[in-house]
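The values are calculated or read from the model by the stated rules, or taken from the named source; none is laboratory data. In this text the structure is predicted, and so the values were computed from the model without any measurement. No Cβ is skipped: glycine too gets one built from the backbone with ideal geometry, and neighbour counts run over all protein chains shown. Each accessible area value is taken on the protein alone, full model and side chains, heavy atoms only, with ligands, DNA and RNA left out. Shrake-Rupley method; radii C 1.70, N 1.55, O 1.52, S 1.80 Å.
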Amino acid sequence: MKKIILEGKIDFKFELNLKNLSKIDFDEKILGKTTVLYNNKEYKLKELFKVQVQKSDKNELIIFGMNKNCDYLGWKWKEGILRIKSDVGSFLGVRMIDGKIGVEGSCEHHVGSAMTGGEIFVKSNAHDFIGSPLPGSKIGMNGGLIVIHGKAGNFLGLQMRRGIIFVGQDVGNNCCNNMTAGTVILKKNFGNQLGLGMKRGSIILLKQKFKCANFVDTGESRSLFLNLLNNYILKVLSLKPFSNKDKFIRFIGDIKMEGMGEIFVKRD
């Protein structure tokens, strides 16, 4: 097992494509041959980063000196822990399979797009298309867990199929549009057009009220699913989104799409 520490040698003012980092497999021989693209030019990893390799009881990649121009970190990530000690760019954890990714700052667009497993934690904010399809695709997040402690942008959970997304602060417009399955927990406020085109899946709203002609109010509900979900979040994340004693109003829709999605709205 190895701990690999990378520290950027320069301020990355142009796009840095880090997709190849996921190929290192914590092997020093592969690490020495790894290349990245900076400003559309190929560089060996050690030309742009200071590299340290240490023995460890777990496989861990720690990266310093990133910014919003640094894209594709955690592409198809499948093993070990990736820790980013700064902000980072777009396409974080895209097509992720397993393992953990933690960001101590903010992210740009397409966090966890098309991921099928693993866990992504963002300490601050993330922009648009979290857990959504990649451009040109129709398959969004299909498993795994995304936790955004700060704010999230527009089109979160677009065409989501499986998995869990938790957002601690406000969310933008078009959240969970065309959602097929999965669970989204919104602790604060959300923008316009929540859940439009929703087929199935669950949205839990903990603060803002909800009303939409495309969804039918079925009255007060307290399902076993909510208790199990709350216990899971508490166990895995040490977060308690709501109490097992809390009451919710349940909405079904999008009825215009013959959908059977559920929106649970916490009562005061």
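Relative contact order of the chain: what whole-number percent is it, with Cα pairs under 8 angstrom and at least 6 residues apart?
Working: 842 pairs, mean separation 26.3, N = 268.
Worked out over the chain, it gives 10 percent.
What value, in deg cm²/dmol to 500, does the helix sum -39500 (n - 2.57) over DSSP H runs of n ≥ 4 give at 222 nm once divided by the residues of the chain?
Numbers: 3 runs with 24 residues, N = 268.
It comes out at -2500 deg cm²/dmol, rounded to the nearest 500.
M257 label point, 7 Å along Cα→Cβ, cut-off 12 Å on backbone N: hits in the stretch 125-156?
Only 140 fall inside the zone, counting backbone N under 12 Å.
Give a residue-ordered list of calculated ³J(HN,Hα) values for the stretch 70-79 (Karplus: 6.51 cos²θ - 1.76 cosθ + 1.60, θ = phi - 60°; whole Hz; x for Gly, Pro).
Using θ = phi - 60°, the values come out as 9, 10, 6, 5, x, 4, 6, 4, 9, 8 Hz.
Take the chain, connect every pair of alpha-carbon atoms lying under 10 Å apart with a spring to form a Gaussian network, then pick out the residue of C175, C212, C107 with the largest mean-square fluctuation.
The residue that fluctuates most here is C212.
Order the following by accessible area, largest value first: D268, D87. Probe radius 1.4 Å; ligands, DNA and RNA are ignored.
On the way: D268 175, D87 75 Å².
Ranked list, largest accessible area first: D268, D87.
Just the C-alpha atoms of the stretch 120-191: what Rg/Rh do they give, with Rh taken as the Kirkwood radius? Display every interim value, and only then the final one.
Details: Rg = 10.7 Å, Rh = 11.5 Å.
Value, to two decimals: 0.93.
Residue farthest toward the positive end of the dipole of the chain, with Cβ of Lys/Arg at +1 and Asp/Glu at -1: which of L205, W77, Q159?
L205
So what's the net charge close to K247: Lys and Arg +1, Asp and Glu -1, counting the other residues with Cβ under 11 Å from its Cβ? Write down the numbers at each step before the final one.
Details: positive: R222, K245, R250, K266, R267; negative: E220, D246, D268.
With Lys, Arg at +1 and Asp, Glu at -1, the net is +2.
Using a 1.4 Å probe, what is the accessible area per residue for the chain, in Å²? Kindly include the intermediate steps, with their values, before the conclusion.
Numbers: 12760 Å² over 268 residues.
Accessible area per residue, the chain: 48 Å².
For the stretch 57-65, just list the computed ³J(HN,Hα) in residue order, Karplus coefficients 6.51, -1.76 and 1.60, θ = phi - 60°, integers in Hz, with x standing in for Gly and Pro.
Rounded to whole hertz, the list is 8, 8, 7, 9, 10, 10, 10, 10, x.
5 Å is the cut-off here: which amide hydrogens, built 1.01 Å from N in the peptide plane, fall below it relative to F121, excluding neighbours closer than 5 in sequence?
Counting only residues 5 or more places away or on other chains, the set is I101, G102, V103, V147.
Taking a 31 Å limit on the Cα-Cα distance, which of the listed pairs K50/K100; K78/K247; K68/K266; K138/K211 fall beyond it?
Working: K50/K100 23 Å; K78/K247 38 Å; K68/K266 36 Å; K138/K211 27 Å.
Over 31 Å apart, Cα to Cα: K78/K247; K68/K266.
Using Cα atoms only, what is the angle between the long axis of helix 224-237 and the major principal axis of the chain, expressed in degrees (0 to 90) to the nearest 10?
Relative to the chain, helix 224-237 is tipped by roughly 20 degrees.
Among the listed pairs K85/K188; K58/K240; K151/K207, give every one whose C-alpha distance is greater than 19 Å. If you can, show how the numbers build up before the last one.
Values: K85/K188 26 Å; K58/K240 28 Å; K151/K207 14 Å.
K85/K188; K58/K240, as the Cα separations exceed 19 Å there.
Take the solvent-accessible surface of the protein heavy atoms, probe 1.4 Å, and return the percent of it on the stretch 1-82 that carbon and sulfur atoms account for.
Accessible surface attributable to carbon and sulfur in the stretch 1-82 totals 45 percent.
In the calculated pair distance distribution of the stretch 64-115, what percentage of Cα-Cα distances lie above 17 Å?
On the way: 311 of 1326 pairs.
Every Cα pair in the stretch 64-115 considered, those over 17 Å come to 23 percent.
Using Cα-only point scatterers and the Debye equation, what is log10 of I(q)/I(0) for the stretch 109-268 at each q in 0.20 Å⁻¹, rounded to two decimals?
With one equal scatterer per Cα and no solvent, log10 I(q)/I(0) is -1.33.
Which residue, L186, L228, L196, tops the fluctuation ranking in a GNM of the chain built on C-alpha contacts under 10 Å?
L228
What aspartates and glutamates does K41 reach when the alpha-carbon gap must be under 14 Å and sequence neighbours fewer than 8 apart in one chain are set aside?
E15
Would you grab the residues whose amide H sits under 5 Å from the one on I203? Only those 5+ places off in sequence or on another chain, please, with H modelled 1.01 Å from N.
V184, E262, I263, F264
Taking amide H positions as placed 1.01 Å from N in the peptide plane, with prolines and chain starts having none, which residues 5 or more places from F190, or on another chain, fall under 5 Å of its amide H?
Counting only residues 5 or more places away or on other chains, the set is V171.
Just the C-alpha atoms of the chain: what Rg/Rh do they give, with Rh taken as the Kirkwood radius?
Values: Rg = 19.5 Å, Rh = 19.0 Å.
When Rh is taken as the Kirkwood radius, the ratio is 1.02.
In whole percent, and with a 1.4 Å probe on the protein chains, what portion of the accessible area of the stretch 115-268 is carbon and sulfur? Numbers along the way, then the final one.
Working: 3500 of 7030 Å².
With neighbouring chains kept in place, the figure for the stretch 115-268 is 50 percent.
By a straight-distance test (C-alpha under 16 Å), which aspartates and glutamates pair with K209 as possible cross-link partners, with residues fewer than eight away in the same chain excluded?
Candidates past the 8-residue exclusion: D170, D217, E220, D246, E262, D268.
At 0.36 nm per residue, minus the direct Cα-Cα distance, what do R200 and L228 gain on full extension? Give it in nm, one decimal, please. The partial results should precede the final answer.
Details: separation 28, 0.36 × 28 = 10.08 nm, distance 1.83 nm.
Net length gain for the segment: 8.2 nm.
Return the sequence-ordered ³J(HN,Hα) values of the stretch 152-167 in whole Hz as given by the Karplus equation 6.51 cos²θ - 1.76 cosθ + 1.60 applied to θ = phi - 60°, using x for Gly and Pro.
10, x, 7, 6, 5, x, 4, 6, 5, 10, 7, x, 10, 10, 10, 10
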